[in-house]
Amino acid sequence: MFLKQIVLKNFKSFSGKNVLDFPVFFTAIVGPNGSGKSNVVDAIRWALGEQSFKNLRISRGSDLIFSSNKKNFSAGFTEVELIFDNKQGLFPLEFSEVCITRRIDREENNSYFLNHQPCRLKDIIEISATAKLGLKGFSIINQGSVDHILRVSAQERRIMLEEDLGLKNLGIKKEEAKRKLESTLINLDKIQALRQEILPHLRSLKRQVNRWEKIEKIKTELSLLENKYFINLYNRLLKERNTSPLDFNAIKNKIENLEKEIQEQSKVIGLIDNQEDKDLETEIRNLTKEIIDLQNQRSVLLRDLGRQEAVSDKQVSGQDFEKKLHSLKEELKSWLSLFDLEKIKEKINYLIEDLNSFLDFSDKPQEIENTKIQKIQFELEKIEKELRNQNEQLNKLQEQQNEQSLEFRKKFQEIELKRTEKERLYREMQREEILNEKFELHLEDFKRRLKESNFEFDDFEKNYQNTQEEMITDEALNILERKIWKGKQELIEAGAEDENIIAEYHEVSERYNFLNQQINDLNKGTEDLQSLIKELEKQIEEKFNEAIKEINEQFNHYFRLIFNGGAAKLVQKREQTDNGNLNWGIDIKINIPKTQLKSLEILSGGEKTLVAICLLFALVKQSKAPLLVVDEIDAALDEENSRRFAEILKALNQKTQFIIITHNRMTMSAVQAIYGVTLTADDCSQLFSLKLEEAKALAE
Ligand code: ATP
C-alpha cells in the first residue's frame, strides 16, 4: 500500500487523535451525512499543501481546528500526518517510509514536517508532485467535482492533463524558459538601446582620438626633425666658439705695464711738464727780440746814413735807387724770421718812413753833415758787430733747440709705438670680448629656441655628445627648417589636444565592448532559451501525444464497457484565447452507440458522470498514479450504472490505491475494506472498521 496511515489530531470534526490504517488497495469510507467522511479527504488535501480555503471548505485556517459547542471546547491546534510506504521510491527520498505532517495553531501559524523534520511548503509540493500526488491533478476528487474535467475549457483540460501526466515540471521549465526569454529580450532591448545611446559619443570620441593620434604622430616626427635641426644648428654654433681664448689677465698686465712706461717716458720728454724747454724758448724769444731791436737801430742808422750820403751827393742816382731797393729787399728778408705781428707792423712803419724820406730826399735837396756820416758809420759797425754776436748766439740756441726736438721726436715715437701696442692689445681684447658676447647671445637664442620646442638644453647637450645624426648642408638645413615650420603649422591647425579624451574614450569603449559582450551573451542566451523551449515543447508534445494515445485506449475501453459500445477519445484542438493567442487544447469526442449523439452537452447528469469516471480511470491507469481519493463520485449513478461502476472497480488492477467515500452499496461490495464514520453524542466524528453488511446498514 502506498498511503499506509492517516493520523488526525483535532482535525475538523475529529477530536483528539484518530488513526486510519489502509492495509488494502480498495477502501471505502461510509457513514451518514455530516458524520465527517469528507473531512478525511480534506485532511489528505490539507496535509499535501492545499492553500485554497474553498477547496478545504473553510473560511479561515483556524476552521480546521476541532471545536465543540456541546463540549464547550476548542483545541489549540490541529495536525495531520500522512504516512507513506516509500519502498518503491516514489518520493525522491532515501527513506522506506515518508511521513508528511502539517500543523496549524489558533494564531494560524502553519508548519510543515518531512519525517518529523521541519521543512518548507515548497518541499512538500515538490515531492508530492514527483510522487504524482499533485493537488491539481486527478488524485483527489472532491464531492461533485468528478465531471469538472468535462466542464473546463480545452486549454484548461490540457493543463490538467499535463499536470496529471507529470509533464508539469517540463511545463514549468518551459514557462520558466519563456519568462527568462522574455526578460532576456527586454534586457537585450535595454542594452541595445544603451549601446545605441553611447555610440554617437563613442564615434565622436574616436574621431577626437584619431585627431589626437595624428597630433602625436606629427609631434613624434617633428621631434625627430627638430632634433636633427638643432643638432646641426648647434654644430654650427659651436664652430663660432673661440677655441684658443686669450689670457685676459696677462694682456691686462701688459697694458698696465705699457701705460706705466708711457707715463714715465712722457714725463722724460716733457710732454707733461719740462721747465728746461720753456727756459730755452724764452731765451730764444728774448734774443730774437734783441736782434730785432738791433736791426731796427741799424735800419734807422742806415736811413740816416743814406740821407746824409744823399745830401752829399745831392742827387739820387739810378744806382742809388737800385742800392736802396737792394737794402729794402735785405731788410724784408730779415723780417721773415720775425714772429711777432706788432714788431712786423712797427717795421713796416719804419720802412714807409724810410721810403718817404728817401723819396723826399730825392725830390728836394737837403743839407748834410759829414762828421755825422762817420758817426753813423761807427755806430753802424758797432751794431753790426753786436748783431753778429747776437745772431751767433741765436743760432747756437736754435741748434740746441733743434737737438732737443730731435731727441723729443725719438722718444715720442717710442711712446707712440707703445701706445699703438697698448691700443692694439685693447682692441684685441675688445674683439675677443665682442666675439664671446656674440657667441653667448647666439647660444642664448639657441637655448630659447630649444625651450620653445620643449627640449631641455642639458639633455640635448648630452644627446649631442652621443649623436649619430649626420651633418647636413646649409641648403638641407633650410629645407629642414621649412619642414619643421610646416609641421608646427599642422599642429596648430590640428588644435589643442585633450588628454582626458583618451581616458574617456577608453572608458566609453570599454563600456561599449562590455555592452557588446553582454549583447552577445544575451543573444547566445536567447538562442539557448529558444532551443530549450523548442526542446521542452518537443518533449512535452511527444510525451503528451504518447500518453494521450494510451489514455485514449483506456478511455475507449471503459467507455465501451459502461455504454455497451460506442467510442470515446481525446483530440487535440486549437483554441483561441481571450487575448487572441492560439493555444493547444484537448477536446473530448464521444460516440454513443445506437444514437448519433456526439456531443457531451446533451448527455444526462449521470451519463456525464460516467464519461468523467471513464476518463478518470483511464488517466489513473495510464499515469500509474499511486493513490486515488474520490468523494462520492458514484452518487449520481442509477443502479445499473452503479453496478457497471462496481464492475470497473473490481477490474482495476491493484496498482493504484483507491479510497472512496460512498453511500453506494454496489461500490461497497466492490471494495476490500470499509471504514465507518459516525458522530458521537458530542458531535465528534468516530471511526471504526466495518463488515460489508454493517457498512450497508450504516450507509442506509
Ligand atoms: P455527507 O455525507 O453529507 O457529505 P460527510 O460525512 O462528508 O457528509 P463532512 O462534510 O465530512 O460530512 O462533515 C461535516 C461535519 O463536520 C459537520 O457536521 C461540521 O459541523 C463538522 N465540522 C466541520 N468543521 C468542524 C470543526 N472545526 N469542529 C467540529 N466539527 C466540525
Residue, nearest to the ligand (Cβ to nearest atom), within segment 6-60, restricted to residues that are out of contact with any Phe, Trp or Tyr (no Cβ under 7 Å at 6 or more places or on another chain), over 15 Å from Val630 (Cα atoms) and among the aliphatic types (A, V, I, L, M): Ile58
Can you find a residue that is closer than 30 Å to Lys608 by Cα and in contact with an Asp or Glu (Cβ under 9 Å, 6 or more places away or on another chain) anywhere in segment 112-121? no
What residue, of Lys343, Lys385, is modelled with pLDDT under 85 and in a helix (DSSP H, G or I)? Lys343
Here the residues within segment 460-473 that are at pLDDT 90 or above and of a type in the set (D, E, K, R) are none
Would you check which residues across segment 1-26 are over 20 Å from Phe77 (Cβ atoms) and without any contact (Cβ under 8 Å) to a residue 60 or more places away in the chain and list them? Asp21
Of the conditions (1) among the charged types (D, E, K, R); (2) farther than 30 Å from Glu493 by Cβ; (3) at pLDDT below 90, Glu197 satisfies every one except a single condition; which number is it? (3)
How many residues of segment 143-152 are surrounded by 15 or more Cβ atoms within 10 Å (Cβ to Cβ) and not aliphatic (A, V, I, L, M)? The answer is 4
Any hit, segment 62-77, residues being surrounded by 20 or more Cβ atoms within 10 Å (Cβ to Cβ), more than 10 Å from the ligand (Cβ to nearest atom) and assigned by TED's automatic domain parsing to the domain that holds Ile661: no
Restricting attention to segment 517-529, report how many residues are in contact (Cβ under 8 Å) with a residue 40 or more places away in the chain and either exposed (fewer than 15 other Cβ atoms within 10 Å of the Cβ) or under 24 Å from Glu647 (Cα atoms) (or both). 1
Mind checking which strands (runs of 3 or more DSSP E) fall wholly inside segment 58-156 and carry at least 1 residues that are within 28 Å of Glu632 (Cβ to Cβ) and modelled with pLDDT of 95 or more? 77-85, 97-105
Quick check: is even one residue across segment 240-250 within 60 Å of the chain's Cα centre (by Cα) and either modelled with pLDDT of 90 or more or part of a helix (DSSP H, G or I) (or both)? yes
Scan segment 562-574 and tell me whether some residue there is in a helix (DSSP H, G or I) and either over 60 Å from the mean Cα position of the chain (by Cα) or over 23 Å from His148 (Cβ atoms) (or both). yes
For segment 462-483, name all the residues that are without any contact (Cβ under 8 Å) to a residue 24 or more places away in the chain and of a type outside the set (Ser, Thr, Tyr). Lys462, Gln465, Asn466, Gln468, Glu470, Asp474, Glu475, Ala476, Asn478, Ile479, Arg482
Answer with yes or no whether Ile83 is more than 11 Å from the ligand (Cβ to nearest atom) and buried (at least 21 other Cβ atoms within 10 Å of the Cβ). no
Extreme residue, nearest to the ligand (Cβ to nearest atom), among residues of segment 619-642 that are of a type in the set (S, T, N, Q) and in contact (Cβ under 8 Å) with a residue 40 or more places away in the chain: Asn641
How about segment 674-688: which of its residues are within 16 Å of Thr662 (Cβ to Cβ) and more than 12 Å from the ligand (Cβ to nearest atom)? Ile674
Mind counting the residues in segment 519-573 that are hydroxyl-bearing (Ser, Thr, Tyr) and within 28 Å of Ile590 (Cα to Cα)? 1
Quick check on segment 130-142. Is at least one of its residues small (Gly, Ala, Ser) and within 13 Å of the ligand (Cβ to nearest atom)? no
Right, Thr656: touching a strand residue (DSSP E or B) at 6+ places or on another chain (Cβ under 7 Å) and within 16 Å of the ligand (Cβ to nearest atom) or not? no
Pairs returned, first residue in segment 29-40 that is within 20 Å of Lys691 (Cβ to Cβ), second residue that is in a loop (DSSP other than H, G, I, E, B) and within 6 Å of the ligand (Cβ to nearest atom), beta-carbon separation under 7 angstrom, 6 or more apart or interchain, are Lys37/Gly31
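The values are calculated or read from the model by the stated rules, or taken from the named source; none is laboratory data. These figures come from a predicted structure and were not determined experimentally. No Cβ is skipped: glycine too gets one built from the backbone with ideal geometry, and neighbour counts run over all protein chains shown.
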